[in-house]
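Asker: Just passing along the structure, written as structure tokens.
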Amino acid sequence: MGMAVRQRRLMAALIVLGSSAALAQEAPPGLPALGAASEQASVVGVSSGGYMATQLAVAWPERFSGVGVLAAGPWSCAQGALSLALNQCMMTRRGLPSPEELEQRRERYAELGQVGSQEALGQLRAFVWHGDADETVSPALGDLLAQQWQRWLANPEQQLRYVQRENTGHGWPVAMPKDAPIDPQSLGDCHNGGGSHVLACGEDVAGEMLAWLYPEREANASEGELLAFDQSDFAVKGFADTGYLFVPEACEAGGCPVTVALHGCQMNADAIGETFVRYSGLNRWASEHGQVVLYPQAESSMANPQACWDWWGFAESTWQLNPLHDTREGTQVKAFMAMLDQLQATLDTGAARAEMAE
């Protein structure tokens, strides 16, 4: 049986997103092996997802070609401490974090092989975006993140784009399609993030970002489907039961790059339904250019009531004085990379891995 035929059968077996009631009645299938491209993967995120996107890129720069960060601050800002996360990495009551101290932390990790090399890090393309009216994560922290990438990249003038958007608050700006079954006015306006932190600004930040991360990609338009998958194969602290995946028809036979897209706090499906996974703008660009988009999902808990990604160490062992959440050993970092491995595996390899796991 040919790869394309097997892929189509597998994709046909996946459950297309429906009502929440339907999802509750029948568990979705596991994350498929798509034979996705092993090169040109990217990771993007907003708020806590932005912090995590940088953590993944610094931990595994060899596995990514680009990183996009919206409304977040510098890498490893919290240094494993919730008090710093709240008082120096969102607001700046304790002043701004020290770029030199954070760089020394990265260099120590690099010496121990816990993050990628400076050489690999320097080859990435980076997109950093921050609203100048952000009242959740201070815009000054976005400046520090941009400064980190300027320091790391081999040629920052050609590899880094830093966007400071006027009169825009905390969140992910979108240009809502006219036929979307959601009222843009129910979302936050450009200044007020609202409950969803999806900002109906009429601005396609996703398209702008991916065009920067993939400057030489040609259009390869095809329809796509948004699918649900069971995250239990990757179950770690902080992960929800179900994640989402967007696959254009052009990618069903393999060979397309993957973008890992990480929502922010209070932006998971349990909190805002399909708003982010359907209307971020990523799927539209992915359909037009042949890109797989992975939307992992976090869950809320007593340790993490707003369903944030682990950028301060809550998912690590409670006895660890220095949690390794921002390294290759991070609990969530390893789970994200396992998801990427699965998508990049061929169907036969993915089936073999599943059998070995059983």
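Asker: For the chain, what is the calculated [θ] at 222 nm in deg cm²/dmol (nearest 500), taking -39500 (n - 2.57) for each run of four or more DSSP H residues and dividing by its residue count?
Answerer: -9500 deg cm²/dmol
Asker: Between THR54, THR92, THR242, find the one with the highest GNM mean-square fluctuation for the chain; connect C-alpha pairs within less than 10 Å.
Answerer: Taking springs between Cα atoms under 10 Å, the residue moving most is THR92.
Asker: Separate question: Would you kindly compute the Cα radius of gyration of region 256-303 and its largest Cα-Cα separation (Dmax), both in Å?
Answerer: Both quantities, over Cα of region 256-303: 12.0, 41 Å.
Asker: Sum up the charges of everything whose Cβ sits under 14 Å from the Cβ of ALA85, counting Lys and Arg as +1 and Asp and Glu as -1, but leave ALA85 out.
Answerer: -1
Asker: Could you pull the Rg and Dmax for region 99-143, using just the Cα atoms, both in Å?
Answerer: Just the Cα atoms of region 99-143 yield Rg and Dmax of 14.0, 39 Å.
Asker: What translational diffusion coefficient, to the nearest whole µm²/s, does region 90-183 have by Stokes-Einstein, given a Kirkwood radius computed over alpha-carbon pairs, a temperature of 25 °C and 0.890 mPa s viscosity?
Answerer: 158 µm²/s
Asker: Which of rounded, prolate, oblate describes region 182-318, given a ≥ b ≥ c as roots of the alpha-carbon gyration tensor eigenvalues and a/c under 1.5 marking rounded, otherwise prolate only if a/b is larger than b/c?
Answerer: Oblate shape, in that a/c is at least 1.5 and b/c is the bigger or equal ratio.
Asker: Restricted to Cα positions, what overall size does region 47-112 have along the principal axes? Three whole-Å values, descending.
Answerer: Projected onto the principal axes, the Cα atoms of region 47-112 cover 36, 27, 17 Å.
Asker: Hey, another quick one. Find out how many positive minus negative residues lie around THR168, taking Lys and Arg as positive, Asp and Glu as negative, among other residues whose Cβ is under 10 Å from that of THR168.
Answerer: -4
Asker: While we're on this one: As an exercise, find the ratio Rg/Rh for region 3-357 from alpha-carbon atoms, using the Kirkwood inverse-distance average for Rh.
Answerer: Value, to two decimals: 0.94.
We did not get these values from a lab; they are worked out from the coordinates using the rules stated. Note that the structure is predicted; figures quoted are calculated from it, not measured. When we count neighbours, we look across all protein chains shown, and the Cβ atoms used for this are built from the backbone with ideal geometry, even at glycine.
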